[in-house]
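For reference, the structure discussed in these notes is given below.
The values are calculated or read from the model by the stated rules, or taken from the named source; none is laboratory data. None of the values given here were measured: they were computed from a predicted structure. When we count neighbours, we look across all protein chains shown, and the Cβ atoms used for this are built from the backbone with ideal geometry, even at glycine. SASA here: full protein model, heavy atoms, side chains in, ligands and nucleic acids out. Shrake-Rupley method; radii C 1.70, N 1.55, O 1.52, S 1.80 Å.
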Amino acid sequence: MKLPNELPKTLPNDNLITADDVEKLHDFYTFKTDAEKLIIKELKFDKLKIANLLMNMGFYRFDTPDGQTEYVRIQNNKIELTQEKFIVDAFEDYIKELPDRIIPIVNDSGSRDYTLRPVELRSKLYNYVNFCKDILDRLRPDNDIEILHDTRDSKYLFFENFAIKITPDGIQPTNYNSIVGNIWATSVINRNFTYDQTPGDFEHFVEDICNENDERKASLMSILGYLLHDYYDYDLRAAFLTDVNMDGAGTAAGGTGKGLIGKAVGQMVNRSRNDAIYTVIPGKGLDLSKDTRYALADISTSILHLEDVDKTFNLQALFNDITDGATIRRPYQIKPIIKPVKMMISINHTIDVQRSSDRRRLIIFELANYYSDTFRPTDKYKKWFFGQDWTETDWNQFYSFMCRCVQLFLRSGLIEPEEINYQNRRLEESLPEDFVWFIGDQFSEYK
């Protein structure tokens, strides 16, 4: 469906506007004249023409799968949610910019040129038109609004200066006007982008938590690419991030970088803190039996991060959400949304994943304990990742690395990492803490 990109515009120089131009610009109402008094006595608005005019401005009704109605504006292939009041404001601004309309009125004794000014139109508009009831429900496009989606072998990333199309064979800049379909404005990263092959601090951080092992780095890169690939017509698995070691006393290690991996994913898809394409769900005490378990998510969500789930986490209760789609329902929603998402689970402990059904739904990645609560990435790199200290070069190197992650996934799929210590940790956590202390030396070979 081809949608307009530009608003209707009045001409800047009134001297260049012809009478026909003025008639076309004012073609959303009719009137009757009082020949005796040489005035306009009745002005009637054409609600269908007003609706068409608003659609030409890019405003449309958007019916969501949960049975609600939203309103959107489409400009230059970008879709943005809007509100009723902003639609009314846009139409009022259009009227303000209209040239005066000269209407000749004639009777037997003479004639008069009646000047209909925009301020009079605005005054009469609100007396006769109920926008919410009469206009907005008519903003339904003739065909479904086409949203650009990733395909099995391609992904788009969107920046201010251009889009990036990633395929197994390359990473190519693409002009927006060559894209077929529309994209959500919230998916456009608010930065200009220049591809940089040079490894940056974030890539070095990934190498740190992979213990400088190229095979493990490739595995983690494929996991990041998988999470960013907004495509679901293959076997879906949850990325399960945990640690290689415990602290030696039966207590789970933390601060190894799992949260930073999640933030990196969020930086690629969320334009602001209010966006929910990547949504963090606190894992402690998460009740998977409630249909509001993902209440922080919304219809835009494509990545759910269950952060720091505890030992009581019921992995089997998550199976349908991983493979068939998550049920997203906020407390005020009448009808829940069931939509496919990519899942990421981070945990400081271990849970039982011995069954083949568990393994089929997870890809377990153990982060090396290079970092801890007492030694953080900022201690090594002297910058707060994704913060104000990052330069344009830092951002370009980060985005470029993530592009390479997507390309690796599209080329090789999920690369299974070799298990290092997970089952040993599982055994250790199942033993009484005093017993772990007693035989601690026996476990030293696993540390």
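What the table shows:
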| item | result |
| --- | --- |
| Residues located in segment 115-172, provided they are over 19 Å from residue 56 (Cβ atoms), surrounded by 14 or more Cβ atoms within 10 Å (Cβ to Cβ) and among the basic types (Lys, Arg) | 122, 124, 155, 165 |
| Count - residues of segment 254-299 that are open to solvent by 50 Å² or more (accessible area, probe 1.4 Å) and in a helix (DSSP H, G or I) | 2 |
| Any hit, segment 166-185, residues being of a type in the set (A, V, I, L, M, F, W, C), closer than 23 Å to residue 381 by Cα and within 20 Å of the chain's Cα centre (by Cα) | no |
| Residue within segment 41-63 that is open to solvent by 70 Å² or more (accessible area, probe 1.4 Å) and assigned to a loop (DSSP other than H, G, I, E, B) present | no |
| Answer residue from segment 171-203, given it is assigned to a loop (DSSP other than H, G, I, E, B) and small (Gly, Ala, Ser) and is nearest to residue 76 (Cα to Cα) among those | 181 |
| Condition met for residue 114 (modelled with pLDDT of 90 or more and among the hydroxyl-bearing types (Ser, Thr, Tyr)) | no |
| Only listed residue being modelled with pLDDT of 95 or more and either out of contact with any strand residue (DSSP E or B) (no Cβ under 8 Å at 6 or more places or on another chain) or assigned to a loop (DSSP other than H, G, I, E, B) (or both), chosen from 443, 435, 386 | 386 |
| Single match in 351, 334 (criterion: in contact (Cβ under 8 Å) with a residue 24 or more places away in the chain and touching a helix residue (DSSP H, G or I) at 6+ places or on another chain (Cβ under 7 Å)) | 351 |
| Hits in segment 173-185 - residues which are open to solvent by 40 Å² or more (accessible area, probe 1.4 Å) and of a type in the set (Ser, Thr, Tyr) | 178 |
| Scan of segment 72-114 for residues that are assigned to a strand (DSSP E or B), open to solvent by 30 Å² or more (accessible area, probe 1.4 Å) and touching a helix residue (DSSP H, G or I) at 6+ places or on another chain (Cβ under 6 Å), ordered by number | 78, 80 |
| Failed item in (1) open to solvent by 50 Å² or more (accessible area, probe 1.4 Å); (2) assigned to a loop (DSSP other than H, G, I, E, B); (3) free of Cβ contacts under 8 Å to residues at least 40 places away in the same chain; (4) under 23 Å from residue 360 (Cβ atoms), with residue 320 passing the rest | (2) |
| Residue list for segment 404-432, restricted to those being open to solvent by 20 Å² or more (accessible area, probe 1.4 Å), of a type in the set (S, T, N, Q) and at pLDDT 70 or above | 407, 412 |
| Scope segment 323-341; condition under 26 Å from residue 258 (Cβ atoms) and part of a strand (DSSP E or B); matching residues | 326, 327, 328, 339 |
| Long-range neighbours under 7 Å by Cβ, at least six apart or interchain, first residue in contact (Cβ under 8 Å) with a residue 60 or more places away in the chain within segment 194-214, second among the acidic types (Asp, Glu) and buried (at least 19 other Cβ atoms within 10 Å of the Cβ) | 200/394; 201/394 |
